[in-house]
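Undergrad: This is the structure I want to talk about, given as structure tokens.
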Amino acid sequence: MNQNRPKKKIGVFVCHCGINIAGVVDVEKVAQRLSSYEGVDFSVDYVYMCSEPGQKLIEEKIKERQLDSVIIAACSPTLHERTFQGVAQRAGLNPYQVEIANIREQDSWVHSDKDKATAKAARIIKSMVEKVRRNESLEPITVDITRRALVIGGGISGIQAALDIADQGYEVLLVEKDPSIGGHMVQLSETFPTLDCSQCILTPKMVEASRHPNIKILTYHEVDSISGFVGNFKAVIRKKPRYVNEDLCTLCGECEKVCPQVVSDEFNEGLSFRKAIYMPFPQAVPGTYTLDTDSCLGLLPIRCGKCMEVCEPMAINYDDQEELFEEEVGAVVVATGYDLYSLDHLGEFGGQKYPDVVNGLEFERILSASGPTGGVVRRPSDGRIPKNIVFVQCCGSRDPENHNPYCSKICCMYTAKHAMLYKHRVPDGNATVFYIDVRTGGKNFDEFYQRTIEDEEVMYVRGKVSKIFKEGDKLIVWGADTLTGDKVEMEADMVVLAMSMVPAQGAADLFKRLKISTDINGFLAEAHPKLRPVESLSSGFFLAGCAHGPKDIPETVSQASAAASKVGDLFAKEKLFHEPTVVSAEEEFCSGCGICVPVCPYSARSLNRERGVVEVNEVLCEGCGACAAACPSGAAQQRNQTDDQIFSMVKAILGE
Amino acid sequence: MRKRIKRGDKEKGYTRSIVQRSGQNVYACYQCGRCSAGCPFAFEMDILPNQIVRLVQLGQEDELVQSKAIYLCASCFTCVSRCPKGIDIARIAEAVRETADPKGADHFGPDDIPAHRAKDLPQQAYVAVFRKFSK
Amino acid sequence: MNVHYYPGCTLKEKAVNLENSTIASMKILGCDLQEPRGWTCCGAEYPLSEEKIAGLAAPARILRQVEAEGGTKVTTTCAFCYNVLKRTNYALKTDPLKHKRINAFLKDDIAIDHDTKEKTTGFPPYHGNVSVVHLLEFLRDDIGFKEIRARVKRDLSGLNVAAYYGCRLLRPYNEIGMDKPDDPVIFEDFITSLGAQVIDFPFRQECCGSYVSVSRPEAASEASYRILRSAKIEGADVLVLSCPLCYYNLDRQQNLIKEQHMEFTGFPILYFTQLLAWALGENTGSLGLEEHCYNPAPLLESLEKAEVAE
Amino acid sequence: MFEPKIMSFICKWCTYAGADLAGTSRMEYAVNPVNVRVMCSSRIDPQHIFYAFSSGADGVFIGGCHPGDCHYVEGNYKTLRRVFMVKRMMKDFGIDPSRLRLEWISAAEGGRFVTVMNEFTQYIRELGPLDFKTMASIDEDSIHG
């Protein structure tokens, strides 16, 4: 232990804090006692250390006696640590050579026995002397920044984040897995509570994004992996072959006319059909056709080749290939959105068996003027207009036993909207909503819900549905009215299920590849639920939209803008500064066991298998020290809180 | 008539005894009514399964033990398999039956079966019905 | 092949016709059914109260006997017995306290031989090494539906079958776990392996009324009626089931249903092993179909005639 | 009366702030525990705990954030697991495992910090001093490596 004790000249400054400390602790005695403690060169007490003369005293003494380190025995470090570090810096000392001994909040204010409090103050100060004796002088870690953002997901959150970052003057790569940007929002009919047409408000934003000089849109692309760290990521992006050159395609539509393959249309949620070569919807961005090889007869001209024959601008290229390429970015916004929980999980509602039992998105397409029925409410099985329609809320939500434990948040509102829009289109129809609770927290939300009941005469029944089944061409819904205490059996022509929102298909894999943490339900985890809601725990990753949890459009847009502004914060810095009290991996002691690697919640540590040692990315380390405690060989040591420092502090506190 | 809900020692004690007998956390119920919606005998019941759970929460022993509903439960577990909160309502009904008529009179005993039916009924039905509805 | 088989009381007394078809078809499939010696009633109902743990003793005793005879698997065809045995087994395997308490009960068992009057004591404890399977599971996992398909002798392709599960085969799922409670397939797969057409009907997992048919027959028959009505609406020729009590409620109580619902004219019911035995070549005469309230024999025979006519 | 020595390791984000709050609220408690501030309770290595016992501590206290509130996501869960392990080791060493206590105390729980400190001090006081004479003295160098 002795060989680790560097010779340093340490100064101890004991504050009276008026009578706050001096009233209980005999400060003169403490200062005097410390002056003879090993390594202490100078010790003094003063009435207010934080006052101008107090600060001057410290500054002068550091210079005069050429002190290497100082202890300020005063109030809690949360109050004046920065102040005294500044004083030391002015006197030419490294701020990491300053330690605070908390003898006010944790001594004089909580004890009344003067002798005991004085003895305790001396112990506390001694422990800090032992610590500071072993403190290294540290400089903040600095790194350069690549001022270019990657936005994953081209729904409303991704588009908004991309536009906001681009408007701040930074380059943005917007990656979307589908042939067009727009996400689920472009599928919606009208939006609550104002009943704006969803496409009318979204498509201008899509066009704006496509024309923005700072935004590069990569549709039909996926992010394969991301390596590196904040400010310095390398993203590997996979281009899926589209077989159509988007610059040459003139949208003449001749290819579509001749294509013999008819498959179900994703944009219309399978309620209509498209060809194997298709444009997902007329306002798609980029405006181009895409050839879907899963449904195509085959890319050999011998097999079919009809589309290529009729394409006058010669935009179709059967030799298009999948490509992987790398892009450098400094920040990543993850906006991968949501999907609806599959009906397959609900056998008691017939699973996917009954065409007239639809989910919320299918009903959006049925209501939409651009939908398969042109906005006329027709049921999928026979095209009849349903006179009795039943809406069921919380399908798969708030069901910790069998499905998802959480509330999907937007279903109460969109179900009210569905019921209202149905009544607008079928005024003589009956709409019934089964609910457990109606949650309308939002601007003008409850007013909208009340209108649904009062003006549109939609019947709300408080009870969950147990079973839905077919009888002839009707559907029978078994529910309960828990307010009247009746079991309810209802005939319906069509049933709309407010299915739970879940993270988008494939998102779980992506998050794993990006190494960003999720919550128990697979949604992205935020760095702090209250204070850092748009940041991931992994530095440099930001969250936007439903990838982080169910949200409505205004909330999604706000979060996307917030994420964009956080990216701006990052990019506005000249360099990245990082707290240097990180945990090392001393190679001479590291056996390469790798125990510390999974302990780190920030992926700051990795095992270099070739060299057989652990490497630390200091920029990612937040300095919690969990790895240092886990390391069996003592190779992981936290700067300025080494095992040796803790041992000697313990010794100073317990020793006589 | 207006009913007054009381949470005295008697009521709390009753709730506790049902919790103990059934092993179910009755307070988990949020009254969605799904148990009643799927129950094959809800049509015949004077109080619905979700109301049984509610009355247990409130410790309303008299209403519960006098109800006909507890003797209509066929233990088919439809409610159990669909309950979003994982509550075994069949066990709660069983616990309530146990607390009914502690003097030991059968709700339904061998004498209640008419002779002409006795011959035809399968054994398992006898055993089951006496296990459920008699002491 | 040889497997332990627990028939339960009803199949031995009031529904012998159902058991005969089981034994006959298993014989054709080359499997001997071995009854555990000295078996008793399983109790019919799994005790749902934490205070009535003694109800676990009877089924545990049956499982112990199977284990003592070297069996690792016991199969049953009655859904009630299956439910009770499987849940008891589950409770003993997952709850060490229950396991201990029940074995303490069983320790004092005395068996008296009927003929020799000889007493046996000192039974071993039940260790929990037996698995409980329904015959449907046994047919799927041990015999194999493919094998059954290969052995089917009759053409059932014209027969529309409603496969009826009822409650006890599927629920409660976490203890029974045979199939998804609202989306099961095993019974349908079995029917398909026999070459018949399965029709989907929404009441396949609804309760038939169970033992309530004893105390409140009119309430129970209402439940039974809805099941039969649904099967008929969906176009079934016959409803196939796997529980003697369902058979009682759905077939033998049909006269009561007729009293309550004028339009109901009767509907044929078959026990799953009756259909199996017939598909494997047994004649209608050996299946005890005349015991049924609605005799399904003419339906089966009409299929044969149709076949011949072709 | 026996006055135990109590070593207290507390995390910067929750328990240290809770101890500060006890101070600003001028609540009084036993003078015995002395705090060492660490960034996270998960920084506490089993070695630190045993070193404290071998250096004369009669009780060791660890304070962390409530489950789910850890500033470093899950450090407190790691601490919880380590404390379980250390308690088993203490048994093997012949030290009563109740001499080590782990509590979750948030920045808002000044009162709770006071209660826990008083209770733990009183508990150790009643338990008596940790008699280390019967145990082989621990070679310091072997600990520091």
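The values are calculated or read from the model by the stated rules, or taken from the named source; none is laboratory data. As the structure is a computational prediction, the values presented were derived from the model and not from experiment. Backbone-built Cβ (ideal geometry, glycine too); neighbour counts: all protein chains shown.
Undergrad: For region B:100-135, give me the residue count where each residue is in a helix (DSSP H, G or I) and either more than 7 Å from every other protein chain (Cβ to nearest Cβ) or not polar (S, T, N, Q) (or both). So that I can check it myself, show each step before the final result.
TA: Start the filter on region B:100-135 by keeping residues that are in a helix (DSSP H, G or I), which leaves B:110-112, B:115-118, B:123-133.
From what is left, the residues that are either more than 7 Å from every other protein chain (Cβ to nearest Cβ) or not polar (S, T, N, Q) (or both) are B:110-112, B:115-118, B:125-133.
Here the count works out to 16.
Undergrad: Where in region A:1-101 are there helices (runs of 4 or more DSSP H), lying fully within it, with 1 or more residues that are in contact (Cβ under 8 Å) with a residue 60 or more places away in the chain?
TA: Numbers: elements: A:27-35, A:52-65, A:77-90.
Filter on region A:1-101 gives A:27-35.
Undergrad: Of the residues C:GLY128, C:GLY144, which single one is on the phi > 0 side of the Ramachandran plot and modelled with pLDDT of 95 or more? Write out each step before concluding.
TA: On the way: C:GLY128 fails: modelled with pLDDT of 95 or more.
The conditions single out C:GLY144.
Undergrad: Residue by residue through region A:619-636, note down the ones that are closer than 23 Å to A:GLY228 by Cβ and more than 7 Å from every other protein chain (Cβ to nearest Cβ).
TA: Within region A:619-636, A:VAL619, A:LEU620, A:CYS621, A:CYS627, A:ALA636 meet the criteria.
Undergrad: Would you check if A:CYS311 is farther than 19 Å from A:ILE217 by Cβ, of a type outside the set (Ser, Thr, Tyr) and modelled with pLDDT of 90 or more?
TA: Working: farther than 19 Å from A:ILE217 by Cβ: yes; of a type outside the set (Ser, Thr, Tyr): yes; modelled with pLDDT of 90 or more: yes.
Yes: the conditions hold for A:CYS311.
Undergrad: Oh, and also: Just a yes or no: is a residue in region B:65-79 surrounded by 21 or more Cβ atoms within 10 Å (Cβ to Cβ), among the β-branched types (Val, Ile, Thr) and in contact (Cβ under 8 Å) with a residue 60 or more places away in the chain?
TA: Among the residues of region B:65-79, not one is surrounded by 21 or more Cβ atoms within 10 Å (Cβ to Cβ), among the β-branched types (Val, Ile, Thr) and in contact (Cβ under 8 Å) with a residue 60 or more places away in the chain, which makes the answer no.
Undergrad: Also, I was wondering about something else. So for region A:413-422 (the condition being within 14 Å of chain B (Cβ to nearest Cβ), outside any strand (DSSP E or B) and either among the acidic types (Asp, Glu) or under 31 Å from the mean Cα position of the chain (by Cα) (or both)), does at least one residue qualify?
TA: Here is the first cut: in region A:413-422, the residues within 14 Å of chain B (Cβ to nearest Cβ) are none.
Checked region A:413-422: no residue is within 14 Å of chain B (Cβ to nearest Cβ), outside any strand (DSSP E or B) and either among the acidic types (Asp, Glu) or under 31 Å from the mean Cα position of the chain (by Cα) (or both).
Undergrad: Also, I was wondering about something else. Mind telling me which of the residues C:ALA162, C:ALA219 ends up being aliphatic (A, V, I, L, M), within 14 Å of chain A (Cβ to nearest Cβ) and in a helix (DSSP H, G or I)?
TA: On the way: C:ALA162 fails: in a helix (DSSP H, G or I).
Answer to the selection: C:ALA219.
Undergrad: Being closer than 20 Å to A:LEU367 by Cα and aliphatic (A, V, I, L, M): is that true of A:VAL438 here?
TA: When the stated conditions are applied, A:VAL438 does not pass them.
Undergrad: Just one of the numbered conditions (1) under 37 Å from the mean Cα position of the chain (by Cα); (2) buried (at least 17 other Cβ atoms within 10 Å of the Cβ) is not true of A:MET308; which one?
TA: (1)
Undergrad: Test of understanding: among B:PRO49, B:PRO110, B:PRO114, which residue is within 30 Å of C:ARG226 (Cβ to Cβ), surrounded by 21 or more Cβ atoms within 10 Å (Cβ to Cβ) and either without any contact (Cβ under 8 Å) to a residue 12 or more places away in the chain or not acidic (Asp, Glu) (or both)? Break it down stepwise before answering.
TA: Numbers: B:PRO110 fails: surrounded by 21 or more Cβ atoms within 10 Å (Cβ to Cβ); B:PRO114 fails: surrounded by 21 or more Cβ atoms within 10 Å (Cβ to Cβ).
From the options B:PRO49, B:PRO110, B:PRO114, the qualifying one is B:PRO49.
Here's the yes/no breakdown for (1) touching a strand residue (DSSP E or B) at 6+ places or on another chain (Cβ under 7 Å); (2) modelled with pLDDT of 95 or more; (3) not polar (S, T, N, Q):
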| position | (1), (2), (3) |
| --- | --- |
| A:THR83 | no, no, no |
| A:SER108 | no, yes, no |
| A:LYS116 | no, yes, yes |
| A:ALA119 | no, yes, yes |
| A:GLU139 | no, no, yes |
| A:VAL143 | yes, no, yes |
| A:ALA149 | yes, yes, yes |
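Undergrad: Looking at (1) assigned to a helix (DSSP H, G or I); (2) within 14 Å of chain B (Cβ to nearest Cβ); (3) over 15 Å from the mean Cα position of the chain (by Cα); (4) buried (at least 18 other Cβ atoms within 10 Å of the Cβ), which is the one condition that is false for C:TYR46?
TA: (1)
Undergrad: If you don't mind, another one. Can you pull out the strands (runs of 3 or more DSSP E) entirely within region A:498-542 that have at least 1 residues that are without any contact (Cβ under 8 Å) to a residue 60 or more places away in the chain? First the steps, then the outcome.
TA: Values: elements: A:501-503, A:526-528, A:532-536.
Because the criterion is at least 1 residues that are without any contact (Cβ under 8 Å) to a residue 60 or more places away in the chain, the strands (runs of 3 or more DSSP E) in region A:498-542 that meet it are A:526-528, A:532-536.
Undergrad: I'm checking my understanding of the structure. Among residues of region A:134-156 that are of a type in the set (D, E, K, R) and touching a helix residue (DSSP H, G or I) at 6+ places or on another chain (Cβ under 8 Å), which one is surrounded by the most Cβ atoms within 10 Å (Cβ to Cβ)? Before you say what the answer is, go through the steps one by one.
TA: Filtering region A:134-156 for residues of a type in the set (D, E, K, R) gives A:134, A:136, A:139, A:144, A:147-148.
Filter once more, keeping what is touching a helix residue (DSSP H, G or I) at 6+ places or on another chain (Cβ under 8 Å): A:134, A:136, A:147.
On the way: A:ARG134: 18, A:GLU136: 13, A:ARG147: 20.
In this case the residue turns out to be A:ARG147.
Undergrad: Still on this structure: For A:ILE366, which of the numbered conditions (1) on the phi < 0 side of the Ramachandran plot; (2) of a type outside the set (Gly, Ala, Ser); (3) assigned to a strand (DSSP E or B) fails to hold?
TA: A:ILE366 satisfies all of (1) on the phi < 0 side of the Ramachandran plot; (2) of a type outside the set (Gly, Ala, Ser); (3) assigned to a strand (DSSP E or B) except (3).
Undergrad: Which of the helices (runs of 4 or more DSSP H) found entirely inside region B:1-99 contain at least 1 residues meeting this: away from chain A (no Cβ under 14 Å)?
TA: Hits in region B:1-99: B:9-22, B:49-58, B:61-65, B:89-99.
Undergrad: Across region A:479-497, which residue is modelled with the highest pLDDT among those that are assigned to a loop (DSSP other than H, G, I, E, B) and within 14 Å of chain B (Cβ to nearest Cβ)? Working first, answer last.
TA: Here is the first cut: in region A:479-497, the residues assigned to a loop (DSSP other than H, G, I, E, B) are A:482-485, A:493.
Applying the additional criterion that residues be within 14 Å of chain B (Cβ to nearest Cβ) yields A:482-485.
Working: A:THR482: 93, A:LEU483: 90, A:THR484: 87, A:GLY485: 90.
Top of the filtered list is A:THR482.
Undergrad: For the list (1) closer than 30 Å to A:PRO529 by Cα; (2) facing chain A (nearest Cβ under 10 Å); (3) surrounded by 23 or more Cβ atoms within 10 Å (Cβ to Cβ), I need the number of the one condition that D:VAL114 fails.
TA: Just one mismatch for D:VAL114, condition (3).
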